1. Name every residue in segment 20-56 that is in a strand (DSSP E or B), under 22 Å from THR142 (Cβ atoms) and of a type outside the set (D, E, K, R), in order of residue number.
2. Name the helices (runs of 4 or more DSSP H) wholly inside segment 67-136 in which the number of residues that are buried (at least 21 other Cβ atoms within 10 Å of the Cβ) and of a type in the set (D, E, K, R) is 1 or more.
3. Inspect all residues belonging to segment 18-32 and state whether any of them is free of Cβ contacts under 8 Å to residues at least 12 places away in the same chain and under 19 Å from LEU249 (Cβ atoms).
4. Can you report the number of residues in segment 18-65 which are under 22 Å from LEU78 (Cβ atoms), of a type in the set (Ser, Thr, Tyr) and surrounded by fewer than 18 Cβ atoms within 10 Å (Cβ to Cβ)?
5. Could you list, ordered by first residue, the pairs with Cβ atoms under 7 Å in which the first is in segment 66-88 and farther than 18 Å from GLY252 by Cα and touching a residue at least 60 places away in the same chain (Cβ under 8 Å) and the second is assigned to a helix (DSSP H, G or I) and open to solvent by less than 10 Å² (accessible area, probe 1.4 Å), at least 6 apart or interchain?
Amino acid sequence: MGCTTSRDTVGDHVQIMPYFKLKEGKTMAEAEKLMDAFVKGVRGGTEKTLYYGFTVKGDDEFMCREGYRDAEGALAHLEEVKEQLDQVTKICEITSLEILGPAVELKKLEEPLKSLNAVYYPTYGENLSSLPLEGPVDTHVTLQAKFTVKEGKMEEFKKCSADCIAATRKGTKLIKYYGFHSRDNIVRSRKGYENADGVLAHIGDIGEPLGKMIELSELEVQIHGTKEDIEKAREPVSKIVPQATFWVLREGAVTCAVDKKTEKKEKEAKKDEEPAAKDVAPKAQPEEAKEGGEAKEGGEPEEEEAAD
């Protein structure tokens with residue numbers, strides 16, 4: 001089985017995808033400083049973060065790839081990075097904000113995020129997951145597929161997506177999460193992989209139902225990952241979807257849940273060392289030494305030399 005069901009691990013999670021474009025006269029160097037500030041805030045923030053990092057396309061576009069265990073985790077993060085958000089909107093436009101996850105969790109986000117004009121895609125059907133990721137460094141690859149389903153074809157499309165899930169359960173073990181999310185006639189499929197090999201293996205696993213879904217819709221694809229994984233996936237993915245776009249993951253992406261456990265272990269180790277340090281404190285000198293000079297082995301003070 002390629003990955004476990006949502007009942008076995010973290011399961012279906014909340015994924016937020018804000019896309020940014022630099023304002024005229026602003027530079028990617030300015031944006032990168034803010035990206036680093038966001039990541040720093042995440043490292044010290046909510047333990048409900050599953051992954052967090054930034055991907056870049058060209059010299060003026062970037063996206064924040066972020067996942068949380070639930071709506072509570074997403075809202076906690078937004079509260080923690082208020083200052084960074086204020087700063088980033090001074091140099092960038094938020095071109096779109098899409099949020100995927102369980103309907104019950106997305107509902108909790110609608111009111112708090114109403115000013116951001118987010119578009120929500122609730123999960124349908126079975127969701128597969130082997131989250132959380134191993135860490136603390138996040139290098140996983142995501143494939144974001146957006147299907148605009150042709151009129152009257154949604155029921156057939158959803159049958160094909162169920163076939164994809166069934167094939168995935170028997171396929172590559174390099175997949176980290178996989179599911180389908182819909183709104184009106186648009187279906188989003190989010191897929192996380194250990195590396196580019198997982199992307200290519202999974203495409204082979206679901207080849208037949210994927211081909212049918214492409215026939216039933218118009219397909220847009222984005223690949224987000226390290227430079228090495230992007231280069232490995234670029235040609236084979238472009239053969240299937242020539243207009244696919246590729247976004248390079250910046251260094252510093254994190255899997256915070258694991259990172260915090262590591263930090264906790266380090267702190268506990270330091271505490272364990274503290275008593276040992278106290279045990280080697282210098283012994284007090286005998287009272288006689290204080291009055292008459294240094295003590296000999298028997299505890300008696302040495303006689304002071306007479307002055308010339």
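1. Correct list: PHE20, THR49, LEU50, TYR51, TYR52, GLY53, PHE54, THR55, VAL56.
2. On the way: elements: 71-80, 82-91, 103-110.
Because the criterion is at least 1 residues that are buried (at least 21 other Cβ atoms within 10 Å of the Cβ) and of a type in the set (D, E, K, R), the helices (runs of 4 or more DSSP H) in segment 67-136 that meet it are 103-110.
3. yes
4. Summing the residues that are under 22 Å from LEU78 (Cβ atoms), of a type in the set (Ser, Thr, Tyr) and surrounded by fewer than 18 Cβ atoms within 10 Å (Cβ to Cβ) in segment 18-65 gives 0.
5. Final answer for the pair search is ALA74/LEU109.
Let's see how each residue does on (1) assigned to a helix (DSSP H, G or I); (2) among the aliphatic types (A, V, I, L, M); (3) under 22 Å from the mean Cα position of the chain (by Cα):
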position	(1), (2), (3)
ALA166	yes, yes, no
THR172	no, no, yes
TYR177	no, no, yes
GLY192	no, no, yes
LEU200	yes, yes, yes
ILE203	yes, yes, no
GLY211	yes, no, no
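The values are calculated or read from the model by the stated rules, or taken from the named source; none is laboratory data. Just so it is clear, the model here is predicted, and its values are computed rather than measured. Ideal geometry is used to build each Cβ from the backbone, glycine not excepted, and the neighbour counts take in all protein chains shown. The area values use the complete protein model at the heavy-atom level, side chains included, leaving out ligands, DNA and RNA. Shrake-Rupley method; radii C 1.70, N 1.55, O 1.52, S 1.80 Å.
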